[in-house]
1. What shape does segment A:138-195 have by the C-alpha gyration tensor, where a ≥ b ≥ c are the square roots of the eigenvalues, rounded means a/c under 1.5, and otherwise prolate means a/b greater than b/c and oblate the rest?
2. When only DSSP loop residues count, what trypsin sites (Lys or Arg not before Pro) in segment A:298-341 have their Cβ near at most 16 other Cβ atoms within 10 Å?
3. Can you classify segment B:229-327 as rounded, prolate or oblate using the Cα gyration tensor, where a ≥ b ≥ c are the square roots of its eigenvalues, rounded means a/c under 1.5, and otherwise it's prolate if a/b beats b/c and oblate if not?
4. Could you give me the ³J(HN,Hα) list for segment A:317-331, computed from phi with Karplus coefficients 6.51, -1.76, 1.60 and θ = phi - 60°, whole Hz, x at Gly and Pro?
5. Collect residues whose amide H, placed 1.01 Å from N in the peptide plane, falls under 5 Å from the amide H of A:Ile172; neighbours closer than 5 in sequence don't count.
6. Between A:Asp41 and A:Glu329, what is 0.36 nm times their sequence separation minus the Cα-Cα distance? Round to one decimal in nm.
7. Can you give the FRET efficiency for C:Thr35 and A:Leu13, using 1/(1 + (r/R0)^6), R0 = 30 Å, r = Cβ-Cβ distance, to the nearest 0.05?
8. Say the dipole of chain A comes from +1 at the beta carbon of Lys and Arg and -1 at that of Asp and Glu; which of A:Leu161, A:Gln99, A:Thr271 then lies farthest toward its positive end?
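The values are calculated or read from the model by the stated rules, or taken from the named source; none is laboratory data. Only a predicted model underlies this, so the values are computations on that prediction, with no experimental measurement involved. Glycine gets a Cβ as well: all are built from the backbone with ideal geometry, and neighbour counts include every protein chain shown. We work out accessible area using only protein heavy atoms, side chains counted, and drop any ligands, DNA or RNA first. Shrake-Rupley method; radii C 1.70, N 1.55, O 1.52, S 1.80 Å.
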Amino acid sequence: MAKLNWICLLCILTILLSGCWSKRELNELAIVVALGIDKIDEDYEITVQIVDPGEISMRQASTQRSPVVSYHSRGETIFEAIRKMTTIAARKPYFAHLQVVVLGEDLAEEGISDALDLIVRDHEFRKDFDVIMSHEATAKEVLNVLTPIEKVPANKLLNSLDVSEKAWGSTIAVNIDELVNTLSNKQKGALISAIEIHGDKKLGVDQTNVQRVKTPVLLQYAGLAVFKGDKYMGLLTESESKSISFLNDKIQSTIEIIACPNKGTLSTEITQSTTKVKGSFKNGKPKIDVHINVEQNVGEVECDIDLTKNKSIDYVNKKTAQGIDERVEKTLEKIQQQYEVDVFGFGDALHRANPKQWKKIKDEWTSIFPDLAVAVHVKVTTQGLGTLQNSLLSKPKEE
Amino acid sequence: MEKEIISSRQFTIVTFLYSIGTAILIIPSSITGAAKQDAWIAASIGVLLSLLLVKLFLTLANQTPSLNFIEANEKILGRFFGKITAICFLIMTFLSAGELLYFIGIFMKTEVMPETPTLAFALLFSIIIMYAAYLGIETFARSAEILFPMFIFIFIFFIISISPQITFENIQPLLEATKTSMLYSITRFMSIFSFPLLVLLMLYPASVNVQQAAQKGLYIGTILGGVVLITLIVLSILVLGPENTAARTFPSYALAQRISIGNFLQRIEIIMAFMWISSIYIRTFMYFYTTVVGLAQILKIKDHRPLILPMGIIVIGLSQIVHPDIVHSTNYNNEIWPIFSFIFTILLPILLLIVAVIRNRKSKAQNNETPQQETKNDNQKV
Amino acid sequence: MVLAVAFLIIAIIVALIFIPKLKKQQDRKAVVVFTILLLIGTALNMGIALKVHIPSPLDLITFIFTPIRDYIVSFTK
């Protein structure tokens with residue numbers, strides 16, 4: 001009797017567990033790795049970059065087909081455009097493996113909040129992808145460029161963004177969740193890394209782009225784009241973007257170049273940088289103190305400075321601090337005067353410091369921000385010199 | 001039907017998982033909406049106040065040892081009024097069982113399988129509940145004992161995996177919320193966390209073997225459940241931020257989606273969902289079991305088991321009509337449920353307690369008179 | 001439509017299995033209650049399957065308690 005029960009139970013379980021209601025087999029999925037959104041007239045144009053699994057696979061011989069395919073479609077809303085894409089694509093797009101979203105410059109100038117609602121609301125879009133903006137190109141063109149080494153261009157976009165954030169500092173990898181948080185915070189401005197196409201755009205789409213030693217068309221990150229509200233305001237230069245990374249505590253490693261006391265330059269490699277932003281209110285007026293603490297090593301010596309002397313190290317520290325300070329203050333000025341957007345979260349720092357006072361000035365923050373007093377304090381310590389003490393090539397003068 | 005007994009450890013585990021219930025899924029969103037980044041303070045205060053509630057429930061239960069809550073109603077308030085209050089209480093638990101069945105359906109539908117009708121989930125889940133009710137409390141308590149270590153293990157894993165993503169600034173500034181918003185938050189928190197603990201009086205004291213240990217068990221279970229919820233709320237605020245937590249329908253699920261260790265251990269949120277399904281199962285079972293057993297006891301039917309099947313069928317139907325959409329559910333849980341549950345889980349026990357105490361005093365007074373008369377007679381005889 | 005008929009069939013099967021069992025136990029009350037509950041449940045589920053609009057009992061509760069809620073909220077304003 002017990003055995004009969006077991007058998008019945010197993011039979012029932014097999015019926016109940018062996019299938020889902022809304023199952024999708026793997027060969028019904030078109031795995032989208034990158035999504036590009038452009039605005040053309042009043043419609044949205046969507047570009048999806050879909051992986052061709054056979055081409056990526058290690059085992060099968062690679063034919064001449066491209067590793068990724070891109071489809072475009074237009075619609076009044078993004079959701080419509082995506083569903084319309086099924087008229088072109090062989091399978092229904094599956095967005096759970098999305099790596100990067102590229103927003104076109106024209107869309108960014110009009111406002112990105114509307115475009116992002118679907119991405120945040122739909123359950124298929126996970127929240128682990130980054131958002132970038134295309135500069136002087138449409139998202140469509142960016143996603144049509146084949147990249148060397150990385151078969152899937154979306155991976156290149158993502159990796160390059162990450163690595164340059166860690167090693168150079170002129171880009172910031174902005175996760176969609178972070179972006180939405182910033183956009184919903186009315187007192188803060190958003191920053192998105194911008195990507196450009198170098199070379200003839202028409203050549204990038206060809207497989208021949210990656211068949212040469214020197215790739216004619218490359219995708220390069222150009223700096224940070226400043227957003228006021230959800231509209232694109234302007235692009236910052238590389239050094240300004242680096243300063244912004246300093247202020248946002250996003251620098252992990254980068255280099256600084258300083259001038260030697262005699263002619264020549266010296267480059268230092270920054271190994272650790274922490275930035276603390278403190279807000280305070282003095283007589284009801286808001287004030288921000290930024291403390292940047294930098295640890296570095298000497299990286300490249302192109303002059304005849306004598307590094308074995310203590311005062312040389314002091315000089316290096318001082319000069320680097322000066323350099324960072326100058327650039328940071330110049331960038332601050334530009335952001336405050338020209339763009340008038342709080343991209344650093346100074347408002348949040350003031351909120352954390354003194355909520356009551358903050359409540360009073362919260363609504364006028366956009367008009368207070370340009371005149372906000374920001375004091376920048378940079379402290380630099382040099383730890384090491386690399387594996388050489390004094391440069392073998394530029395010998396210091398005998399003193 | 002013989003009396004079923006569960007041990008005090010099983011009782012503690014059931015209390016723990018029961019108090020977490022659906023709170024783990026919906027509480028972070030509703031209380032962060034009101035109290036913003038101080039939601040965890042509201043939750044902590046709520047847990048402390050819940051201990052007072054537990055004291056109230058225990059005092060009431062001790063007035064009628066060996067009777068569960070439904071029988072106590074009739075004993076204390078008399079046959080007519082007791083039946084009425086018991087029926088109202090059962091309406092509350094019955095509707096709650098339907099609500100929870102709806103809830104598991106909508107959770108699965110929103111986050112995991114949006115094209116599946118909620119009826120499918122309700123059907124599958126209710127089969128489990130009905131079979132558990134058929135097998136009785138002892139089996140149920142054992143199943144809770146089995147689920148407990150898995151729950152704890154997944155919970156600890158969850159906390160450890162999500163901790164690297166904490167940004168402490170998200171919880172500052174402290175104590176910014178106004179008193180009104182704190183009051184709302186605390187009330188909503190307690191209405192889902194601790195008011196329903198009254199239903200556990202169906203188990204205690206009638207079915208527990210060691211009274212003292214079970215009392216401690218009720219306290220410990222409540223505190224542990226509170227700790228889990230507070231931890232989850234704190235983590236939600238620290239990792240997602242207060243606005244994001246308040247905006248999401250299921251913040252804990254969004255939190256679990258964030259787990260990414262070494263770019264390798266990712267997309268495991270469905271394993272976290274195991275936690276939530278377990279706690280919802282415990283709570284749904286308690287509501288359903290209470291309704292069935294209570295109905296049988298009010299109508300003086302000896303065996304409650306035949307009633308399980310038709311009640312289960314009604315509950316499935318109930319789950320489909322009880323909320324037409326999630327907005328209705330959120331509004332109901334935020335606005336109406338605190339008041340509705342307050343009346344039947346706070347005012348009713350207080351009423352019962354007062355009446356019971358008065359009755360006990362009266363009967364003590366009567367008992368005091370009769371022995372004195374007897375001793376007088378004895379003295380006279382001698 | 002198919003779903004409604006399925007519910008009906010299930011209800012009939014349940015009734016056929018359980019009612020004789022209960023009748024043997026001589027508990028008239030149980031049989032009556034069982035039948036009533038089964039009828040309610042089947043009617044409810046068939047209504048849902050046939051997409052009949054059945055109002056939620058929670059709406060009744062909401063209706064009863066909204067004045068109380070407004071009264072309490074007016075204290076905290």
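1. Here segment A:138-195 falls in the prolate category.
2. Qualifying residues, ordered by number: A:Lys309.
3. Judged from the Cα gyration tensor, segment B:229-327 comes out prolate (a/c at least 1.5, a/b above b/c).
4. 4, 4, 5, 5, 4, 4, x, 4, 4, 4, 5, 5, 5, 5, 5
5. Those qualifying (amide H under 5 Å, at least 5 residues apart or on another chain) are A:Ser193.
6. Taking A:Asp41 through A:Glu329 to full extension adds about 99.7 nm, to one decimal.
7. So, using R0 = 30 Å, E works out to roughly 0.40.
8. Projecting each Cα onto the dipole axis, the largest value belongs to A:Thr271.
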